[in-house]
1. Name the single residue, out of those in segment 20-68 being among the β-branched types (Val, Ile, Thr) and in a helix (DSSP H, G or I), that is nearest to ILE140 (Cα to Cα).
2. Hey, any hits in segment 20-30 for a residue that's open to solvent by less than 100 Å² (accessible area, probe 1.4 Å) and under 30 Å from GLN100 (Cα atoms)?
Amino acid sequence: MKRSESGVSLIEVLVAIVIFSVGLLGLAAMQLHALQFNESASVRGHAVFLAYEMADRVRARPDNVALDDYVLTVCPPTDNACTDSTRKDHVDWLANLAAQLPGGTGSVAVNGDRVTVTVQWDDSRVNGAQDQIISIVTRI
């Protein structure tokens, strides 16, 4: 081997290690983003399910309960005045939102025979966007 070629193999190995390391860092970043997006999609799926749950509760209301009674009023789960069916539905639904969604809240609006169910949650832990909102509109 000539004197001018000594150390060339070592430089080639070092360059290969740098390229391999950059590739591994890219792979790790891709895995992290995939996990974050998967978590965000899971929370969004729960939100959609919970919005339809409230719409189903409105559809299944007793005959003696008016549709306007389902306009959401805040009723904490510890309030003993929440005994009628609509408020019980609200309390159960709000408890489900708080338990299954980070910072989950919701509202119900009634306009004639249209019911709008809105679910809101905090998604800042997953993808940086703070408030996410899903609304469904259904005709009863």
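The values are calculated or read from the model by the stated rules, or taken from the named source; none is laboratory data. Because the structure is predicted, anything quoted here is derived from the model rather than measured. Keep in mind that these areas ignore ligands, DNA and RNA; they rest on the heavy atoms of the full protein, side chains included. Shrake-Rupley method; radii C 1.70, N 1.55, O 1.52, S 1.80 Å.
1. So the residue we want is VAL58.
2. yes
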